[in-house]
1. Note the angle between two axes, namely the Cα long axis of helix 36-49 and the longest principal axis of the Cα atoms of the chain, as a number of degrees from 0 to 90, rounded to the nearest 10.
2. Taking H as built 1.01 Å from N, whose amide H comes closer than 5 Å to the amide H of residue 32, not counting residues under 5 places away?
3. Could you compute the longest span of the chain free of trypsin sites (Lys or Arg not before Pro) located in DSSP loops and having at most 10 other Cβ atoms within 10 Å, not counting the site residues?
4. Can you work out D for the chain in µm² s⁻¹ from Stokes-Einstein, where Rh is the Kirkwood radius over C-alpha pairs, the temperature is 25 °C and the viscosity is 0.890 mPa s?
5. To the nearest whole percent, what portion of all C-alpha pairs in segment 83-122 is separated by more than 14 angstrom?
6. What do you get for GluC sites (Glu not before Pro) in segment 1-106 restricted to DSSP loop and a cutoff of at most 16 other Cβ within 10 Å of the site's Cβ?
7. Remind me, relative contact order of segment 77-181 in percent, using alpha carbon pairs under 8 angstrom and six or more residues apart?
8. Using only helices, what value at 222 nm comes out for the chain when you add -39,500 (n - 2.57) per DSSP H run of length 4 or more and divide by the total residues, to the nearest 500 deg cm²/dmol?
Amino acid sequence: TGRILEANDIYTLLCGYTHAELVSMSITDLEAKATLAEMSAHFERARKHGWDRFETIHAAKDGTQLPVDIRTSYLAICGGRFFTFVRDLRERQYVEQAHREREEQSRATFEQAAVGMAHVSLSGRWLRVNKRLTEILGYSAEELRNLSFQDITHPDDVQRYLALARDCVAGKVRTYSMEKSKKKKDLS
């Protein structure tokens, strides 16, 4: 029936209901996202396979929306019982949001830099270039993706760069910096 038979102290702290309040409620009283049909489908999957896992939103007593990860197991004792473990996802979502913001800031910094910047694979293929680098070299981003760094690096610099890149990959150096001569695209 979805009636709550027991709840631990951690869940009472999470949702703000007392133990007595929770054991007088049904899981549908806490559910703020899934429809009754969706909840029934989760219960049926757990009954059929012995378990189910999904993310949803629970409503705390104060109205707060709690993103939660639900892991439920079904045991056919006492006419059938679901044992459900609820994990608060707010911290994970906060970390994911902070990561997205850092990624966006990093992307904007890369794209808007006043200097030419690129990400290059270990084989020397151009993975990502900023607008300023395309302006300096005279190649479009698409043209650069079809070239390797070796294709536009002055021959005198190629071996020195490759040696530094190998040292970086091997962990001998963490970073390196060097001035390089590049072959600018002939635009005439």
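The values are calculated or read from the model by the stated rules, or taken from the named source; none is laboratory data. All values derive from a computational prediction rather than experimental measurement. Don't worry about glycine lacking a Cβ; one is built from the backbone with ideal geometry, like all the others, and counts go over all protein chains shown. Keep in mind that these areas ignore ligands, DNA and RNA; they rest on the heavy atoms of the full protein, side chains included. Shrake-Rupley method; radii C 1.70, N 1.55, O 1.52, S 1.80 Å.
1. 90
2. Residues meeting the amide H criterion: 57, 58, 59.
3. Excluding the exposed sites themselves, the longest stretch runs over 1-171.
4. The Stokes-Einstein estimate is 112 µm²/s.
5. 66
6. Here the sparse-neighbourhood loop sites are 6.
7. Reported as a whole number, the value is 16 percent.
8. Roughly -12500 deg cm²/dmol at 222 nm, from the helical runs in the chain.
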